[in-house]
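The structure appears right after this line, and notes come after that.
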Amino acid sequence: MTALLPVAQPARRDEAPQRHRARRRRVLDPRRLDLALIALVVIVAGVVHAWGMFRYPSMTITDDEGTYVAQAWAVVNWGQLGHYTYWYDHPPLGWIQIAAWGWITDGFHRSANAIQVGREVMLIAKMVAAAAMYVLARRLRVQPVFAAAAVLLFALSPLALHYSRMVFLDNLAVAWLLIAFALAASPHRRLAAHVGAAACFTVAVLTKETALLLLPGLVYQLLQGSDPRTRRYSATLFGSVVLLGGLLYPLFAALKNELLTGPGHVSLQYGVSFQLLNRVGSGNIFSPGSPANGVATSWIELDWVLLALGLIALPLAAIFRRTRPIAVALGLQMALLLRHGYLPDPYVIAMLPFAALVATVPAGLLWGRFHGRRRWLARGPVVATVLVVVGLVLPAQWAPKLDAQLVSDPNASFVQAQDWIKANVPRTDTLLVSDTQWVDLVEAGFAPEKVVWYFKADTDPEVQARLPTAWRDVDYVVFTADMDKIAEDPTADMQTAREARRHGRPVASFGSGNQEITVYRVDKNAA
Amino acid sequence: MEGAFGCRDEGRDVVTAVAAVLIAAVSAALVVVAVHALALQLYAQWTPSTLDGVGARTPRPPQRSFSLIVPARDELGVLMHTLRRLDALDHPSFEVLVVVSGDDDEATRALAEDAERAIDRVRVVHVFGPGKNKPKALNAALTYCAGDVVGVIDAESLVAPELLAYVDSRFVETGADIVQSGVQLMNYETSWWSLQNCLEYFFWFRSRLHYQAARSFITLGGNTVFFSRAKLLEHNGWDESCLAEDCEIGVRLSVAGATTSVLYEPSLVTREETPSTVKALIKQRVRWMQGFLQTFRKGEWRALPTRGQRLLAGYTLAMPVVQAATGVFAPLAIVVAIALKTPTPVALFSFLPLLVIIATTAVYALVLAEFSAMYDRPAKLRHYLALVLGMIPYQLLLSVAAVWALVRYLRGDNRWDKTAHAGRHLELVLEGAQ
């Protein structure tokens, strides 16, 4: 029988003479405690995540949510990998998972807007991640309380909550990664578990390719968790599964003749080289004004506590042998922040669960480390840190932010804008919108060719063929605050949208500041 | 407009659709078979504790007595050497019974009688009549056996001197009714297919049989296998009509609730060598596969108590035929999928069996390294290359044997072909008299 958690079964005793002791022992049964705590942390994580998840964060912060959901919609409704030509920017397994949920639950019909379907999947990913984190922590042989603390830190951090609610592929990948780590730490050192870890890792990479960053940490965990005599087999099977499973992606491209760059078709080669080479670097994370600095500042504004705790505890995690793999996992990701490469906002997502684990597991190991008087030399600092963090820092830092995240409704303007468009724009008109709105408008009756993701009007030859006179073929253009920001960059691919706005007049506006959405009607006769 | 999956919007070609479904189903089945086979090959590695259970522990003082049956037919050069070696086994109480034909094969009979005169422990048992085969020989000898344990030793095998002591201990420690000790083909350097053959035995005796023993359903090997005599007599010995009498008796006794313990220790394995030619290998396989089919058909395995055991039993007995198909069908599925322009997901799926075979090859290479280290016979690069290139051709060989076995089984052709061994310079393949 597979043991999920490395707990020993308590000895059974005769009922009659020791009934009282036996009863007490059953209540404190380690196995039951684990099950109760897993249930507790998963429920807490789920409830905190779900409360208000359709309202906060706003769905118009970035186009990405709409894009992934639209691609999932296309998988379900058109049997295609995207609503526009799939160009291998990311492996498709992530939105295929969203599509599966949408298909099974008829999500795109029953939901008020399509991104909600994606956010439901994010909720599932959060609960799975919470359970996997707990199992991993317990398999690192730390007390149940500390394992639960790790999950709670992750579940309640405003930074984690903000990004994990949004439909990012990273959230799905993180769930698979945590399962992989938990399997690699199999207490019985089962070969089957190691193979499972490889499979989950491959799925994670095919969901979001940046999961590869976690490979060193995972391999380290695997090697540590294997017996020297069977290690070669674990390693060989792990390598085989990852390599051969990963091979399916280029194989897929090759079967469609889209592996290498060539005239008239997209290619995997181009997609990969774009991601690796063509992205503009975000500069030094420490120099004010650089994009990297901006990204990091926005993270810290949401929550600095979790990342700080992870960073501070990193040396301690490196000291204990058992926690070195997760230290590598976190440390490598943090170290790469120092590169001047492209730094996207969701990069932080994969750091957070490992920060939570690094913050709590070594502390738990320290707690149980010594015996006698020396014990309190180690336990003292742990107690002090916990008191300071839980008593002072969290109430000041997290409570107000969480309150806002659970209760506020920055998404209201988006909902209103969509309603206005559905009520006031003729279905035969052509609109330029952000991808956030695409699926809902198509579901509302607009023809898919008439609802154009603004970005594609300047980059996709098929779309450009449908708009021969560019902005003059457009009847309405909708600008979100995010699009406004992008438009400030003269090199951004949004000529058509800019021209359309320049030749249009605002007919409706919703929200303000970062939530502002404005609908413009294009005057085709303008000069 | 062509969708991303490569199928036309204007109506589907019915043939392509049917082909797609078939290919997907066949690929799925192939993946299941290949993964299951790989998992069983690695049973010894499943956890450190299964690895511990495979080998031998320090033997206790001997408690049982042994009767070793050595069926001999056309063993000219090998027999005396084997009997002398058996005589030298390190155990206080055992006897050796050589079984020879009483009415033909004079040469072997003479040799056996010489041995009987020369070595105290050896006695000769004669078998008469038409349709001689190994199970008949074993049953004939069984009536003369006096030991607590009856062991079957093939005449051409090299038995380790301390084997009986360890087997004795196993009987005592586990209370098992049957102990199967490992048999290992050693000559992996001889040819590309002898390499595959050796690894096959390694997987079988080091992993797969242990898996079966743990589930109380075991298709025994026919060499260095030891039975409690009482159990044998209780079930009337071997089935004389079956071509794989070892497999059959294992099934029959398992169904009756007998427990088996399997022992694989490199220093204790019985060393054998591969058949001398490909033809001989195929003939040997035909016999085994046909024997498995006979046992399957006989249906005793259906009486196993749990559904899991029945599933394992049915699958194990049908498996040689099924497995041989994997190596052939896997590349075929890919070729068909691409040629018929099936939808991309189906074509992609058809690659999965091949990917599993590639992973299996990587594991086999690892096992070759372990094998050569274990037996101190270093493997060179060309052996690894031969291993990789020989994976699918070997499956083809087995497929040929599987088809032949199926044909023979359906025609009711149960003649017994004895396998020739290159230990002698004569290659005689005798078919039992009609």
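When the criteria are applied in full, B:GLU189 fails the requirement of being in contact with a Gly (Cβ under 7 Å, 6 or more places away or on another chain) and charged (D, E, K, R). Just one of the numbered conditions (1) away from chain A (no Cβ under 14 Å); (2) more than 25 Å from B:ALA318 (Cβ to Cβ) is not true of B:GLU370: (1).
Summed over the range A:237-258, residues that are of a type in the set (A, V, I, L, M, F, W, C) and closer than 14 Å to A:PRO91 by Cβ total 6. Determine whether the range A:218-229 contains at least one residue that is farther than 23 Å from B:LEU51 by Cα, of a type in the set (A, V, I, L, M, F, W, C) and touching a helix residue (DSSP H, G or I) at 6+ places or on another chain (Cβ under 9 Å). Yes; the residues of the range A:218-229 include at least one that is farther than 23 Å from B:LEU51 by Cα, of a type in the set (A, V, I, L, M, F, W, C) and touching a helix residue (DSSP H, G or I) at 6+ places or on another chain (Cβ under 9 Å). Residue selection: B:HIS91 satisfies the criterion of being under 25 Å from B:VAL149 (Cα atoms) and either at pLDDT 90 or above or of a type in the set (D, E, K, R) (or both). Could you list all residues from the range B:278-291 that are open to solvent by 30 Å² or more (accessible area, probe 1.4 Å) and in contact (Cβ under 8 Å) with a residue 40 or more places away in the chain? The answer is B:VAL278, B:LYS283, B:ARG287, B:TRP288. Among the residues making up the range B:220-234, a single one is part of a loop (DSSP other than H, G, I, E, B), at pLDDT 90 or above and touching a helix residue (DSSP H, G or I) at 6+ places or on another chain (Cβ under 6 Å): B:LEU220. How about the range B:18-38: which of its residues are surrounded by fewer than 16 Cβ atoms within 10 Å (Cβ to Cβ) and within 14 Å of chain A (Cβ to nearest Cβ)? Scanning the range B:18-38 gives a single hit, B:HIS36. Can you say whether B:LEU293 is more than 22 Å from B:GLU240 (Cβ to Cβ) and of a type in the set (A, V, I, L, M), as far as the supplied structure shows? In short, no. Among the residues examined, B:ALA313 qualifies as of a type in the set (Gly, Ala, Ser) and either touching a Gly at 6+ places or on another chain (Cβ under 8 Å) or modelled with pLDDT of 85 or more (or both). Scanning the range A:245-295 for residues that are part of a loop (DSSP other than H, G, I, E, B) and within 30 Å of A:TYR220 (Cβ to Cβ) yields A:ARG279, A:GLY281, A:SER282, A:ASN284, A:ILE285, A:PHE286.
Suppose the filter is more than 23 Å from B:LYS279 (Cα to Cα) and in contact with a Pro (Cβ under 7 Å, 6 or more places away or on another chain); does B:SER169 pass it?
Considered against the rule, which asks whether it is more than 23 Å from B:LYS279 (Cα to Cα) and in contact with a Pro (Cβ under 7 Å, 6 or more places away or on another chain), B:SER169 comes out as yes.
Of (1) loosely packed, with under 15 Cβ neighbours inside 10 Å; (2) among the polar types (S, T, N, Q); (3) under 30 Å from A:GLY364 (Cβ atoms), A:THR323 satisfies all except one. Which? A:THR323 satisfies all of (1) loosely packed, with under 15 Cβ neighbours inside 10 Å; (2) among the polar types (S, T, N, Q); (3) under 30 Å from A:GLY364 (Cβ atoms) except (1). Going residue by residue through the range A:391-406, is there one that turns out to be polar (S, T, N, Q) and over 25 Å from A:VAL328 (Cα atoms)? Yes, there is a match, as at least one residue in the range A:391-406 is polar (S, T, N, Q) and over 25 Å from A:VAL328 (Cα atoms). Condition check for A:TRP95 on (1) within 14 Å of another protein chain (Cβ to nearest Cβ); (2) surrounded by fewer than 24 Cβ atoms within 10 Å (Cβ to Cβ); (3) part of a helix (DSSP H, G or I): one failure, at (2). Being open to solvent by 30 Å² or more (accessible area, probe 1.4 Å) and either assigned to a helix (DSSP H, G or I) or within 27 Å of A:ALA180 (Cα to Cα) (or both) is true for just one of A:LEU365, A:LEU309, A:LEU330, A:LEU343. Which residue is that? Within the list A:LEU365, A:LEU309, A:LEU330, A:LEU343, the selection yields A:LEU309. Beta carbons closer than 7 Å, at least 6 apart along the sequence or on distinct chains, pair a first residue in the range A:246-262 that is more than 7 Å from chain B (Cβ to nearest Cβ) with a second that is among the aromatic types (Phe, Trp, Tyr) for A:ALA253/A:TYR88; A:THR261/A:TYR270.
In the range A:204-217, what count of residues is obtained for those that are open to solvent by 40 Å² or more (accessible area, probe 1.4 Å) and within 16 Å of the chain's Cα centre (by Cα)? Residues in the range A:204-217 being open to solvent by 40 Å² or more (accessible area, probe 1.4 Å) and within 16 Å of the chain's Cα centre (by Cα): 4 in total. When the range A:226-243 is filtered for residues that are at the interface with another protein chain (Cβ under 9 Å from one of its Cβ atoms), β-branched (Val, Ile, Thr) and touching a residue at least 40 places away in the same chain (Cβ under 8 Å), the ones remaining, listed by number, are A:THR230, A:VAL241.
With respect to the conditions (1) within 14 Å of chain B (Cβ to nearest Cβ); (2) out of contact with any Cys (no Cβ under 9 Å at 6 or more places or on another chain), A:LEU40 falls short on a single one, namely (1).
For (1) more than 20 Å from B:GLU245 (Cβ to Cβ); (2) among the aliphatic types (A, V, I, L, M); (3) buried (at least 22 other Cβ atoms within 10 Å of the Cβ), each residue gets a yes or a no:
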site: B:GLY77; (1), (2), (3): yes, no, no
site: B:ASP87; (1), (2), (3): yes, no, no
site: B:SER93; (1), (2), (3): yes, no, no
site: B:VAL100; (1), (2), (3): no, yes, yes
site: B:ALA112; (1), (2), (3): yes, yes, yes
site: B:ILE119; (1), (2), (3): yes, yes, no
site: B:VAL127; (1), (2), (3): no, yes, no
site: B:ALA137; (1), (2), (3): no, yes, yes
site: B:ALA155; (1), (2), (3): no, yes, yes
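Summed over the range B:331-359, the residues that are within 24 Å of A:PHE238 (Cα to Cα) and either open to solvent by 20 Å² or more (accessible area, probe 1.4 Å) or facing another protein chain (nearest Cβ under 9 Å) (or both) give a count of 11.
For the range A:70-92: of the residues being aromatic (Phe, Trp, Tyr) and more than 20 Å from A:THR261 (Cα to Cα), which is farthest from the other protein chains (Cβ to nearest Cβ)?
Looking at residues that are aromatic (Phe, Trp, Tyr) and more than 20 Å from A:THR261 (Cα to Cα), I get A:TRP73.
Within the range B:54-66, the set of residues being over 24 Å from B:ARG206 (Cα atoms) and out of contact with any helix residue (DSSP H, G or I) (no Cβ under 7 Å at 6 or more places or on another chain) comprises B:PRO61, B:SER65.
Before we move on, is B:GLY257 assigned to a helix (DSSP H, G or I) and out of contact with any helix residue (DSSP H, G or I) (no Cβ under 6 Å at 6 or more places or on another chain)? The answer is no for B:GLY257. I'd like to check something: does the range A:270-287 contain any residue that is open to solvent by 60 Å² or more (accessible area, probe 1.4 Å) and either in contact with a helix residue (DSSP H, G or I) (Cβ under 8 Å, 6 or more places away or on another chain) or within 14 Å of chain B (Cβ to nearest Cβ) (or both)? The answer is yes; a qualifying residue exists.
Given the residues B:ALA362, B:ALA379, B:ALA333, B:ALA325, which is the only one that is out of contact with any Phe, Trp or Tyr (no Cβ under 6 Å at 6 or more places or on another chain) and at pLDDT below 80?
Exactly one of B:ALA362, B:ALA379, B:ALA333, B:ALA325 is out of contact with any Phe, Trp or Tyr (no Cβ under 6 Å at 6 or more places or on another chain) and at pLDDT below 80, namely B:ALA325.
The single residue among A:LYS524, A:LYS485 that is within 29 Å of the chain's Cα centre (by Cα) and basic (Lys, Arg) turns out to be A:LYS485.
With respect to the conditions (1) away from every other protein chain (no Cβ under 12 Å); (2) among the β-branched types (Val, Ile, Thr); (3) surrounded by 15 or more Cβ atoms within 10 Å (Cβ to Cβ), B:THR58 lacks only one, and its number is (3).
The values are calculated or read from the model by the stated rules, or taken from the named source; none is laboratory data. Computed from a predicted model, the values in this text were never measured in an experiment. When we count neighbours, we look across all protein chains shown, and the Cβ atoms used for this are built from the backbone with ideal geometry, even at glycine. Only protein heavy atoms, including side chains, enter the accessible area calculation; ligands, DNA and RNA are left aside. Shrake-Rupley method; radii C 1.70, N 1.55, O 1.52, S 1.80 Å.
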